[in-house]
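Every number here is computed from the coordinates shown, using simple stated rules; none is lab data. Owing to the predicted nature of the structure, the values given are computational and were not obtained by experimental measurement. Cβ sites come from the backbone with ideal geometry, for glycine too, and all protein chains shown count toward neighbours.
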Amino acid sequence: MDADAARSQLAAALVRVGTGDRGALRLVYQDSSAKLFGVLIRILKDRSEAEDVLQDVYVTVWRKAALFNPEKASPITWLVAVARNRAIDRLRSGTVARRTAPIEEAAEVSDSAPGALDMVVKAEQQARLGTCLGELEEKTSQAIRSAFMDGVTYEQLAERMGVPLGTMKSWIRRGLLKLRACLEA
């Protein structure tokens, strides 16, 4: 499963947790507990404390998942923020020995979600691709979309459109050349 699909699955599960879906909480735990445990160990510097706080994190997730908005944050960013806040609460309570590193180290925990700039660039590229596909002949555009976005084979496309296989390959090849020229312009 690619990163985008995993992120979407985790976001959907978090939304379902907000409606009281226990199975969704199980999925959220399976998909995020290792990362959150790593974050907690980095902050708390104590495995036992991290285990206790991790349990608190998922209790908090159960209670506050309805506040998660997938349009405002990636699911892992939201979960790491909950974990970080619970760890800070534990540090402030004084129950963890003061042999820990500065809390600022938690800011260095990476998130695999694309940044805002990457998302803007990707959206611009997708819009440009859509524009260029729109400039092709309808049959060529449809063939390219089906072949490269839906995974339909050239043979299946030729059969669907009632043309010889060689013709279909030529349409797609010429269309891709035009598409490349449009995208490079």
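Among (i) 14.3; (ii) 13.3; (iii) 18.9, find the value of mean projected area of the Cα convex hull in nm² that was calculated from the structure presented, and write down its label.
Checked against the structure: label (i).
Enumerate the helices in the chain for which the Kyte-Doolittle hydropathy averages 0.5 or more and the C-alpha atoms extend at least 15 Å along the helix's axis, using complete DSSP H runs. Show your work: numbers first, answer last.
Working: long enough: 3-18 (23 Å, 0.60); 22-44 (29 Å, 0.64); 47-64 (25 Å, -0.65); 75-93 (27 Å, 0.07); 116-135 (29 Å, 0.11); 138-149 (16 Å, -0.41); 165-184 (28 Å, 0.08).
Helix filter hits for the chain: 3-18, 22-44.
For K169, list the lysines whose Cα falls under 21 Å from its own Cα; do not include residues on the same chain fewer than 8 positions away.
K139, K178
Relative contact order of the stretch 3-108: what whole-number percent is it, with Cα pairs under 8 angstrom and at least 6 residues apart?
Working: 102 pairs, mean separation 37.8, N = 106.
Reported as a whole number, the value is 36 percent.
Once you keep just the Cα pairs under 8 angstrom separated by 6 or more residues, what percentage relative contact order results for the chain? Walk me through the numbers on the way to the answer.
Details: 146 pairs, mean separation 36.0, N = 185.
Here the relative contact order equals 19 percent.
Order the peptides 23-33, 7-17 from the highest to the lowest mean number of other Cβ atoms within 10 Å of their residues.
7-17, 23-33
Rounding to the nearest 20 debye, state how big the charge dipole of the chain is about its Cα centre with +1 on each Lys and Arg Cβ and -1 on each Asp and Glu Cβ.
Numbers: 27 positive and 24 negative charges, 41 e Å.
Value, rounded to 20: 200 debye.
Determine, for each peptide in 172-179, 47-54, 74-81, the mean count of other beta carbons within 10 angstrom over its residues, then list the peptides with the highest first.
My ranking of the peptides, most packed first, is 74-81, 47-54, 172-179.
What 222 nm value per residue comes from the helices of the chain, counting each DSSP H run with n ≥ 4 as -39,500 (n - 2.57) and dividing by all residues, nearest 500 deg cm²/dmol?
Values: 8 runs with 136 residues, N = 185.
For the chain, the value works out to -24500 deg cm²/dmol.
Over the Cα atoms of the stretch 3-108, compute the convex hull volume and normalise it per residue, giving Å³.
Here the figure is 96 Å³ per residue.
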